[in-house]
1. Under Stokes-Einstein, with the Kirkwood radius over Cα pairs standing in for Rh, what whole-number D in µm²/s applies to region 1-40 at 20 °C and 1.002 mPa s?
2. Between A12 and S94, how many nm apart are label points set 7 Å from Cα along the C-beta direction?
3. Suppose we keep just the alpha-carbon trace of the chain; what are its Rg and Dmax in angstrom?
4. With all pairs of different alpha carbon atoms counted, what Kirkwood hydrodynamic radius in Å does region 59-121 show?
5. Extending each Cα 7 Å along its Cβ direction at W26 and A71, get the distance between those two points in nm, one decimal.
6. For the chain, what is the mean residue ellipticity at 222 nm derived from helices alone (per DSSP H run of n ≥ 4: -39500 (n - 2.57); sum divided by total residues; nearest 500 deg cm²/dmol)?
7. With +1 on the Cβ of every Lys and Arg and -1 on the Cβ of every Asp and Glu, and nothing else charged, how large is the dipole of the chain about its Cα centre, in debye rounded to the nearest 20?
8. For region 88-121 and region 41-83, what is the separation of their Cα centres, given in Å?
Amino acid sequence: MSIPVLICDDSALARKQVKKSLPSEWDVEVQFATNGREALEVLREKQIGVLFLDLTMPEIDGVGVLEANHAEKLVDFIIVVSADIQPEMQSRVSELGALAFIQKPVNTTKLTEILQQYGLL
């Protein structure tokens, strides 16, 4: 049975790159959101297994999505994918429930290790 995955990033190129970085053996059904508002709509309507989340987006940013998820418990597995690698931000997203923080562009080997670490692959 495939795992429903949501990739949320305002950049179409970044969304495609994250999708291409997913391990080929991972059975997933991928959906996309272009901002945090869209991501929250999907998360509230559908059961999503894993959320890949950018931080810098219009309307509602990644931190806003993490805060809403922290309050509403919409998805268990969130992996932040961002160019913002400041230690303070990594600490903040971790406090809000993100499992991991991956720097853009996504390294497939690193992503595979994270998925295996949490039993997702």
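Bear in mind these aren't lab numbers, they're just calculated from the coordinates by the rules spelled out. Predicted model, so just to flag it, every value in this text is computed and none were measured. All Cβ positions, glycine included, derive from the backbone under ideal geometry; neighbour counts span all protein chains shown.
1. 203
2. For A12 paired with S94, the spin-label model returns 3.6 nm.
3. When restricted to Cα atoms, the chain yields Rg and Dmax of 12.8, 37 Å.
4. Hydrodynamic radius (Kirkwood, Cα pairs) of region 59-121 is 12.3 Å.
5. 2.9
6. Taking each H run of at least 4 residues, the total per residue is -12000 deg cm²/dmol.
7. Computed charge dipole of the chain: roughly 300 debye.
8. Computed from Cα coordinates, the inter-centre distance equals 13 Å.
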